[in-house]
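Working notes, beginning with the structure itself.
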Amino acid sequence: MRDVEALQGRIDAIAIGTSAGGVEALSILLPALPAGLRASVFIVLHLPRERPSLLAEIFTPKCALKVKEAEDKMRVEPGTVYFAPPDYHLLLDGGPQLALSIDELVHFSRPSIDVLFESAADIYGERLMGIILTGANDDGAAGLAAIHRAGGVTIVQEPDSAQVPLMVLAALRRTAADFVLPLEGIAGLLQALASTEPRTQNTSSKSE
Amino acid sequence: MAAENIDIELRLLLDAIYLKYHYDFRGYAAASLKRRLTNAPGRFGCQTLSQLQDKVLHEPAAFPALLSLLTVPVSEMFRDPSYFRSLREKVVPLLRTYPSLKVWAAGCSTGEEVYSLAILLHEEGLLERTLIYATDINPQSLQKAAAGVYAVDRIAGFTENHRKSGGRTSLSDYYTAAYGRAVFDKSFRRRIVFSDHSLATDSVFAEVQLVSCRNVLIYFNGDLQNRAVGLFRDALCRKGFLGIGMKESLRFSPHAQAFVELVYEDRIFQKRNEP
């Protein structure tokens, strides 16, 4: 599980949760995602609810992948990044397709990372990777635990490297993550996922 | 596996609710439904959804609480102010051309949106010739909606939304605050009919000029969404208006072709003129 090679070809979806410091962290992580990435990427970033989200506009020019704001019933495409819209929970439903809800706040947040992670774990199981980045509350800790229980891969930003470490510390208290890495390390791992797809492409020798 | 069991138990529970109480949640979007029911067994002193099914079948008194959990009313006044601003600026001028108006607030929950529409129509001088049908499946929500009483701590947010929506006066003109509660003016009630109606099982009951149904369709699966949009199409007069939630879409429904986009960014559609 802790071996990157073992993950190759296995991940269909990547769910990312972050709050304070999240825009900066994603500015490092998302541009690093290579065009060949097969997985779909779902992101909850806590933002002030009344502001229209410009995240898709901000990240589109910086990313090799397509970047969209999630809409209800949208069919999930591979190699596409979906941001939860402000003031809606983002969930995954059968298909897979995107689902939204305005159910009550979770950890004072809508969208909530827990809501995304728990529903994605239900749909993708062991083919899901969950990533918790910098943030200032404990949303996401229960969700990451759900991903772990469903057999998915768990990644937490190394607390020392997080702009605000509360969220990653809360996640680590609940789940012994498969990988604890600084942003550059997480970016490298995601690149390694793509660089071997399709699997036949890669015949490189095992490192270390 | 436990997860597999949950899917089976959920389906059986929804079947049981439908057969016993005729509330049809079988076409609801699974992800949100599952989330709402995750902690439900515990709240009813049960271990599993199967035990909860047993309880609601044999103890009808337990059902209203489960119904409220399944329909979780979450709403606020003038939610998405730009929607109401667009109604005011783009739809009201056309509504003025009708000698009398009927409006359907579908899935009105505890009434916040209904009073928002009523206040808007009042401010535009149209309420006196308007009848608003406010429908929901949850009788407890309808009771609250009819009472028009909201906690005072929510009013600041409502007021701000109302102002941003282009409100002509202060929201405080329309309610009386006392003992931590704001009671909305009873005169609005005279223009509103609150009624039990299910988008899943009932049919069209009137011809209307405007349907406002926001953040209800997100809880439905594709088939049920399609049924609901079909009801709206059939209820609307030619060139009538449909407003849905800001992140909802008609494009997954075959009935979409009956509508044109009037203000797409605020999800306001107009029914085509042709039959």
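The values are calculated or read from the model by the stated rules, or taken from the named source; none is laboratory data. Remember, predicted model here, so these are calculated numbers, not experimental data. Note that we place each Cβ from the backbone using ideal geometry, even for glycine, and neighbour counts take in every protein chain shown. The accessibility values were calculated without ligands, DNA or RNA, using every heavy atom of the protein model including side chains. Shrake-Rupley method; radii C 1.70, N 1.55, O 1.52, S 1.80 Å.
For the range B:2-71, the relative contact order works out to 33 percent when only alpha carbon pairs closer than 8 Å and six or more residues apart are counted.
Sort B:Val183, B:Val263 by heavy-atom solvent-accessible area, probe 1.4 angstrom, most to least. Numbers along the way, then the final one.
Numbers: B:Val183 50, B:Val263 5 Å².
Descending accessible area places them as B:Val183, B:Val263.
Taking the C-alpha atoms only, the angle from helix B:112-123 to the longest principal axis of chain B is near 10 degrees.
With a cut-off of 8 Å between alpha carbons and a minimum separation of six or more residues, what is the relative contact order of chain A in percent?
24 percent
Taken across both chains, chains A and B shield about 2100 Å² of accessible surface from a 1.4 Å probe.
Computed from the C-beta positions of B:Gln140 and A:Ala6, the FRET efficiency with R₀ = 56 Å rounds to 0.60.
Would you mind getting the Kirkwood hydrodynamic radius of the protein assembly as shown from its Cα pairs, rounded to one decimal in Å? Hydrodynamic radius (Kirkwood, Cα pairs) of the protein assembly as shown is 23.9 Å. Peptide A:67-74 has a mean of 5 when you count, residue by residue, the C-beta atoms of other protein chains within 10 Å of its C-beta. Note on A:Gln191 and B:Ala156: their simple-model spin labels are 4.8 nm apart, each label 7 Å out from Cα toward Cβ.
Excluding B:Thr169 itself, calculate the net charge of residues whose Cβ lies under 15 Å from the Cβ of B:Thr169, where each Lys or Arg counts +1 and each Asp or Glu counts -1.
Every neighbour counted, the sum reads -1.
Between B:Thr97 and B:Ala61, the simple label model (points 7 Å from Cα in the Cβ direction) yields a spacing of 5.7 nm.
Ordering B:208-216, A:158-166 by mean Cβ neighbour count within 10 Å, with the highest value first, yields B:208-216, A:158-166.
Rounded to whole numbers, the Karplus 3J(HN,Hα) couplings from phi for the range B:58-69 are 9, 10, x, 5, 7, 5, x, 5, 5, 4, 5, 5 Hz, using 6.51 cos²θ - 1.76 cosθ + 1.60 with θ = phi - 60°, and x at Gly and Pro.
When the solvent-accessible area of chain B is split by element, carbon and sulfur atoms take up 51 percent of it, the probe being 1.4 Å. Expressed in units of 2.2 N^0.38 Å, where N is the residue count, the Cα radius of gyration of chain B is 1.05. Entry comment: accessible area of the range B:1-119 is 44 Å² per residue, from protein heavy atoms only and a probe of 1.4 Å.
Could you give the length gained by full extension between B:Phe44 and B:Ile6, i.e. 0.36 nm per residue of separation minus their alpha carbon distance, to one decimal place?
So the chain would gain 12.0 nm between B:Phe44 and B:Ile6.
Remark: the range A:104-116, residue by residue, has Karplus-estimated 3J(HN,Hα) of 4, 4, 10, 6, 6, 10, 8, x, 10, 5, 4, 4, 4 Hz, where x stands for each Gly or Pro and the curve is 6.51 cos²θ - 1.76 cosθ + 1.60 at θ = phi - 60°. Per DSSP H run of n ≥ 4, the term is -39500 (n - 2.57); total these for chain A, divide by its residue number, and report the mean residue ellipticity at 222 nm rounded to 500 deg cm²/dmol. When only DSSP H runs of four or more count, the value is -8000 deg cm²/dmol. Between the amide H of B:Glu248 and any residue lying 5 or more places away or on another chain, no distance stays under 5 Å, with hydrogens modeled in the peptide plane. Each residue of the range B:25-41 was assigned a 3J(HN,Hα) from its phi angle through the Karplus curve 6.51 cos²θ - 1.76 cosθ + 1.60 (θ = phi - 60°); the sequence is 9, 5, x, 7, 4, 5, 4, 5, 4, 4, 5, 5, 9, 3, 9, 4, x Hz, with glycine and proline shown as x.
The H on the amide N of B:Val208, modeled in the peptide plane, is under 5 Å from the matching H of B:Leu236, B:Cys237, each at least 5 residues off or on a different chain. Modelled spin labels at A:Lys66 and A:Glu104, positioned 7 Å past Cα toward Cβ, are 3.7 nm from each other.
Within the range B:2-71, the percentage of alpha carbon pairs spaced more than 20 angstrom apart rounds to 15%.
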